[in-house]
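The block underneath contains the structure these notes are about, expressed in structure tokens.
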Amino acid sequence: MLNCWSATKLASDSLDRKLTLVERMRLGTHLAMCPACRRFSRQAADLRQLSRLYCSVPDDLSRPSETDSER
């Protein structure tokens with residue numbers, strides 16, 4: 001069975017590459033039993049999605065304008 005360090009490493013790797021069948025099975029087994037690693041896996045995926053959304057916003061919309069901060 002994976003330890004938490006190895007599980008979080010695999011969860012992070014899964015965002016960048018397709019895991020092998022054995023890796024997916026080992027990670028899935030660990031995540032089924034470990035709420036902390038499940039939370040890490042969800043948060044890493046959420047952070048990736050939010051980062052992509054932030055990067056897709058046009059530059060002039062991503063920062064408040066001077067008039068917005070004066071209100």
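The values are calculated or read from the model by the stated rules, or taken from the named source; none is laboratory data. Fair warning: this is a prediction, and the values are worked out from it, not measured in the lab. Cβ sites come from the backbone with ideal geometry, for glycine too, and all protein chains shown count toward neighbours.
Structural remarks
- When each of Ala44, Ala32 is tested for being small (Gly, Ala, Ser), surrounded by fewer than 11 Cβ atoms within 10 Å (Cβ to Cβ) and modelled with pLDDT of 95 or more, the lone residue that passes is Ala32.
- Looking only at residues of segment 3-29 that are surrounded by fewer than 12 Cβ atoms within 10 Å (Cβ to Cβ) and among the β-branched types (Val, Ile, Thr), we find that the one that is farthest from the chain's Cα centre (by Cα) is Val22.
- Figure legend. Inter-residue proximity from segment 5-28: first residues part of a helix (DSSP H, G or I) and modelled with pLDDT of 95 or more, second residues hydroxyl-bearing (Ser, Thr, Tyr) and surrounded by 10 or more Cβ atoms within 10 Å (Cβ to Cβ), beta-carbon distance below 6 Å, spacing 6+ or different chains. Indicated pairs: Ala11/Ser41.
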